[in-house]
Structures are given as structure tokens and as C-alpha cells.
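The values are calculated or read from the model by the stated rules, or taken from the named source; none is laboratory data. As the structure is a computational prediction, the values presented were derived from the model and not from experiment. Cβ atoms come from the backbone with ideal geometry, glycine included; neighbour counts cover every protein chain shown. Please note that ligands, DNA and RNA were not included when accessible areas were found on the heavy atoms of the full protein model with its side chains. Shrake-Rupley method; radii C 1.70, N 1.55, O 1.52, S 1.80 Å.
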Amino acid sequence: MTLRRVLVLGSTGSIGTQTLEVLGAHPDRFEVVGLAAGRDVDTLVAQADGLGVRHVALGDRGAAKELASARPDLEVLDGPEGVVALASLEAELCVNGVTGAIGLEPTLAALGAGTPVALANKESLIVGGDLVVAAADRAGGRDTTLLPVDSEHSALLQCLRGGRRDEVRRLVLTASGGPFRGRTRADLGEVTREQALAHPTWAMGPMITINSATLMNKGLELIEAHLLFDQPWEALDVVVHPQSVVHSLVEFADGSSLAQLSPPDMRLPIQLALAWPDRLPHAFTACDWTRAQELTFEPVDRSTFRALDLAEAAGRRRGTFPAVLNAANEVAVEAFLAGRTSFLDIAEVAEATLEAWDATDPDVPTVLEDVLAADRWARSDATGRIDGRGRR
Ligand code: MG
């Protein structure tokens, strides 16, 4: 069997390190040929040396220059363009584990080079939705060139193998409900950074953990599901499932629902995306069906967790609206993490910025410069709102 050559972007982050762990379990199937990180030089070098990788990229220019002079044996690409160039190298798969809107251009570069993308970078689809879907369809079809690493979308992909697309009635995404499940709006006014960061089931980076607490993460995942699986908004739903064992469900036209179950561990969706359409005979974790356990489901409280409706509204309007929502939300989350704004302000800032966005004609196809400009505008608008609130 020939080795599947893999590029890993964001290799020093949470998804990146778990991806390398999965790849390391299958040296007979995969070869890592390029690694990209932001600024964590020491970890990147240790990874490159351990795997015998020569092509690396660092988004931080200063860090890249240092590394290039210290290690002339490595091909060091520098800056955001360097990460994009690394994504365009010849490979059979590009894993995009970058955090934030900066992950969009590498996704487009990989697809442009005809390389399928294992996508953990949500923002690629949120910010660049139409662009990414069009690039994936040009690269051979989104079903085979955009492989979700998100647990929910991986679950949906698996369940969708249980029937034809024209037999699907609904995609139901599960949400853990985060640390504030069952709370009312009044309860959430004074919650702290530490409370919001204490996710009950998943260990993740700070941005996505806060997005799970506000349910913005689930809202963004609805937009992703809409684009990845080409389903209308009416066919997308969310149900709260606190145990995070059922990762999502597909309901078919005859009333049958198929669900995917596994312990909350990202190595499974990562491994599946790496080997898709194969399953590899290596279980990092599995459900223990000899043990008594309860799986529960409850409706989502959309009036307390308003981020869900906001994301749906932005997703329905398409174009640059999801990019604006995402950018405003990122700014507000960073401000919350820095103690500069309250938990409830996150959704309020995102909503106000979304309402203030004066979009271009929605019938004109979006180009990359439009979404980048929308992203910049929204960051500046949201920053102004937060500063204004601080002075109140
Ligand atoms: Mg998820």
C-alpha cells in the first residue's frame, strides 16, 4: 500500500497534536510531509525532527526567521503566505487544524491544488462558505474533498452512509449544553471566565470552549452542516445531549433515526477523516456497553442561548453575513476572556455588529476580498462596541 502523504496545519494546537498522535499509530498508512504552526517553534521543531519532516511553516515571521537561521536543513516558509504555500505542497490530504479566520486561505490553497482537506478549522466554512464549497466541488466534489473533523459532522457523515440523500428528512446536531445548561438569562449576567471555561465533557482550546458555553459553537456548526451536506435550513435541528456520547443523528423519511455513538474523544473523528472512506482497526476509545449508563436528550433553550438563532439568521443570509458574525463573536469572546466584557455581552455585541453590517448585493457572488473586508470591518465594529460598553 502506498503511503497517504499528509500536511498538518496548526500542528502544535489541540487538534494538531492529536492528529500527529493518530498518524503516529499508523506509520504503515501515512507519511507527514509538511507541518505548519503559528509561533510555537520548539514544539514544531520537535515534531518535525520526530517525524523526519523537512517542510515547515510558521505564521509568525520573527519565529520563522529565527528557525530558518538556526536550522538551515529545514525548508522554513514564513508568515501567513508561508502557511498557504505549505498547504499547496503536493499531498493526498491536508489537515487544517488552524484556529480562526486565518485558516480560510490555506483551505482554499489546498483545494486549489486538488488536495482534499480534513477540516477542523470551522472558520473556513463559516467565513468563506460559498468560496470553500465551490473550491471543493471543483476539486472533485465536497463529499470527498471536504472531510469534517468536527465530531458532529463526522457523526452525520457516518450516519448518512445509512441511506440515500433524497431519503434524508433532518440532520439533528447534538449539543452538550455546555457548563450553563439549564440556566436562565438572569443567571448568566455575572458568570466568570473560569465558570465559562469549565466545559463538562470536552477539553478544547479557550475560544471554542467559550463558544460552547454560549452555544455559538453549535450555531456555527449548523452553518457548516448546511454547507457540507447541502441541506436546507428547515432540515437542520439541535438537541441537547449532556453526555456527549451521541455525536449527531440523521432522521430519514420513514421516521428512522440513525445516530453515531462514541466517548467524547477527537481522535476518532480525526482518524476517520484521515482514512476516509475506510475505518482503521485501531480504537483509541469505545463505549463500554457492559456498564449501566443513561443517555438523555432535552430541547435547546434558544431564548437563553441566543447565539443559535443569530448564527441561523446569518447562515440563511449567506454571503458575508457569517463572516461578520464570526469576527464579531471572536472579538467579543477575546474581550470576555480578558475580563473586558460580560458573558451576555458576547451575543449582544455579535448581534449589534450583524445588524449594522451593510452588505453588498447578496446576488453578486462573494469573492475572497469581500469576506476578508467583511471580517476586518466586523472586528473593528465589535471592538468599538466593546470599548463603548466599557466606558458606560
Ligand atoms: Mg463540534
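Annotations
- Radius 13 Å from Cβ of LEU74, net charge of other residues (Lys, Arg +1; Asp, Glu -1): -2
- D_trans [Stokes-Einstein, Kirkwood Rh over alpha-carbon pairs] for the stretch 176-252, 37 °C, 0.692 mPa s, µm² s⁻¹: 240
- On a per residue basis, the stretch 55-136 carries 34 Å² of accessible surface, using protein heavy atoms and a 1.4 Å probe.
- Expressed in units of 2.2 N^0.38 Å, where N is the residue count, the Cα radius of gyration of the stretch 318-392 is 1.11.
- Here the stretch 1-159 is assigned +1 on the Cβ of each Lys and Arg and -1 on the Cβ of each Asp and Glu. Its dipole about the Cα centre then comes out at about 120 debye.
- 37 °C / 0.692 mPa s Stokes-Einstein diffusion coefficient of the chain, Kirkwood radius on C-alpha pairs, µm²/s: 153
- Charge sum, other residues only, whose C-beta stays under 12 Å from ARG316's C-beta, Lys/Arg counted +1 and Asp/Glu -1: -1
- Considering helices alone, the calculated mean residue ellipticity of the chain at 222 nm is -14500 deg cm²/dmol, with DSSP H runs of length four and up weighted by -39500 (n - 2.57) and normalised per residue.
- Charge sum, other residues only, whose C-beta stays under 14 Å from LEU354's C-beta, Lys/Arg counted +1 and Asp/Glu -1: -3
- What the stretch 194-277 shows is 31 Å² of accessible area per residue, with the surface traced by a 1.4 Å probe over protein heavy atoms.
- Nonpolar atom fraction for the chain, defined as the carbon and sulfur part of the 1.4 Å probe accessible area, stands at 51 percent.
- For the stretch 4-148, the Stokes-Einstein estimate of translational diffusion at 10 °C and a viscosity of 1.306 mPa s comes to 108 µm²/s, using the Kirkwood hydrodynamic radius over alpha-carbon pairs.
- Here the calculated FRET efficiency for ARG389 and ASP230, from their Cβ-Cβ distance with R0 = 41 Å, stands at 0.55, rounded to the nearest 0.05.
- Kirkwood Rh in Å, taken over all unlike Cα pairs in the stretch 50-96: 11.1
- Ordering of 169-176, 375-382, 134-141 by packing is 169-176, 375-382, 134-141, highest average first (other Cβ atoms within 10 Å, averaged per residue).
- Between ALA186 and ARG291, full extension at 0.36 nm per residue minus the direct alpha carbon distance yields a gain of 34.0 nm.
- The magnitude of the dipole of the stretch 318-392, with charges of +1 and -1 set on the Cβ of Lys/Arg and Asp/Glu and taken from the Cα centre, is near 440 debye.
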